[in-house]
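The structure appears below as structure tokens.
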Amino acid sequence: MPAELSPEVARAAVESAFPCLRGDLERLVRIPSVSAPGFDARHVRHSAEATAAWLRRSGFGEVRLLHVAGAHPAVYGAAPGPAGSRRVLLYAHHDVQPPGLAELWESPPFEPTERDGRLFGRGTADDKAGIAVHAAALQAWAGRPPLDVAVFIEGEEETGSTHLPEFLSTYQDLLQADTVVMPDCSNWAIGRPTLTTSLRGIVDCVVEVRTLQHAVHSGKYGGPVPDALTALCRLIATLHDARGNVAVAGLHSGPPPDLEIEPSRLRDIVGLLPGVRFIGDGPLSHRLWARPAITVLGIDAPSVADAAHQLMPMARAGLSVRLAPGDSARRAFAALAEHVRRHAPWNAEVTVVPGHQGEPYRLDPSGPAFDAFRRSCADTWNRVPVEPGSGGSQPLVAALAERYPDAALLLTGVDDPDSRTHSENESVHLGELQNCCVNEAILLGYLAADGRDNPVRRRRG
């Protein structure tokens, strides 16, 4: 890599800048930039503006907010390298998940708080820490990177990147790059950097069951007359077999991964209660990364406190299906809709309303950009990255791959299994965050040194 930024120099630069970097991260975490419907969109715009100011302080030029109709704002910045340089696009997002129940947080969700070397708060890990990594990497190069660097900070990733196709179409020239670095996946463990090689897709829908024109007295008519809530429960039960395997015909399963997860490790990560068993059959990594999963996200029905002695005429459930690499969202939705209609209890009326969809993605992590990441990890952690799949979904990855088919997509991470992203008490490990900053600074040097062509072989699905 270029002599002007050796691993030792990169680490020293990050360590020197880290107190200010942490302060910038904490200021951004204090902004409740929840992008979900029903939350104040002004906070998301405030977050975009604060992100833009942070990028400017870090040495990015041409910083501005990007807009498309109906979308929360994204942030763009650029730092040119030497003439004729290759170009890297650094991705992150500044929007966050809703905080959940305040009483389950040990400290306020939007007041960053340090405990045992971790910084707690909504967005500390997912994904405002990713912004910190990009800011630190450019600061380590004193704003003069060895190749062209652009940054794109999305504002609605947590709501499915709904308008990403419009952003990619409207700002295609700004966002095109040879390599895209996306620190929005998870690391295997503290000290175990990770290069994610596949993502599951997603299909959300609402299933509505109707049995009556109106509610009726449960004592007078219970017995022969079906209620919608019981019918919905029976319908949901058909989605899995007795062992917990997905029972919807037509959903794709891929081959088992080479990497395995120890059951005790997974129990600890998710907090599975003693005596509760995992569901499904086969290796855990297969169930997590290369097979479908179905989750009931919520049910619209009377609460226990508000329930009356009635037979309910209608009940609804929100379902989410994670798709194995090799499947397609359209095909999977058709299979799910066919299943619930075919299994309608007592010939109840069933309606399926489609929701958010995203394609799965699998890549072949070969080529100079991936090798550059492995080399930078060896410099930073003295070990090459683990290369697992992920059970999560990031629709933007497939969208980027379709728009820029020749770009190498590096799916990296800042959080770890203890980060509890999307849950209460989200946190980032401060020591690991610092290492991720060092690693990206080193990576920029290796990407610049690896030549202009960037062969990468990938496949959709």
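The values are calculated or read from the model by the stated rules, or taken from the named source; none is laboratory data. Worth saying up front: this structure is predicted, and the values here are computed from it rather than measured. Cβ: placed from backbone, ideal geometry, glycine included. Neighbour counts: every protein chain shown. Each accessible area value is taken on the protein alone, full model and side chains, heavy atoms only, with ligands, DNA and RNA left out. Shrake-Rupley method; radii C 1.70, N 1.55, O 1.52, S 1.80 Å.
Values as computed for the structure displayed
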read-out: Neighbours by Cβ (under 6 Å, 6+ apart or cross-chain): first from segment 249-266, at pLDDT 95 or above; second basic (Lys, Arg) and surrounded by fewer than 14 Cβ atoms within 10 Å (Cβ to Cβ); value: none
read-out: Selection status of residue 100, touching a strand residue (DSSP E or B) at 6+ places or on another chain (Cβ under 9 Å), farther than 15 Å from residue 155 by Cα and either open to solvent by 30 Å² or more (accessible area, probe 1.4 Å) or not in a strand (DSSP E or B) (or both); value: no
read-out: Search result, residues across segment 230-272 that are in a helix (DSSP H, G or I) and open to solvent by 50 Å² or more (accessible area, probe 1.4 Å); value: 230, 233, 234, 237, 263, 264, 265, 267, 268, 269, 270
read-out: Residues that are crowded, with 18+ Cβ neighbours inside 10 Å and under 34 Å from the mean Cα position of the chain (by Cα), drawn from segment 302-315; value: 314, 315
read-out: All positions within segment 20-49 that are in contact (Cβ under 8 Å) with a residue 60 or more places away in the chain and not in a helix (DSSP H, G or I); value: 30, 31, 32, 33, 34, 35, 36, 37
read-out: Residue match in segment 185-192 (condition: at pLDDT 95 or above, buried (at least 23 other Cβ atoms within 10 Å of the Cβ), in contact with a Phe, Trp or Tyr (Cβ under 8 Å, 6 or more places away or on another chain) and of a type outside the set (D, E, K, R)); value: no
read-out: Scope segment 318-347; condition basic (Lys, Arg) and either open to solvent by less than 10 Å² (accessible area, probe 1.4 Å) or in a helix (DSSP H, G or I) (or both); matching residues; value: 330, 331, 341, 342
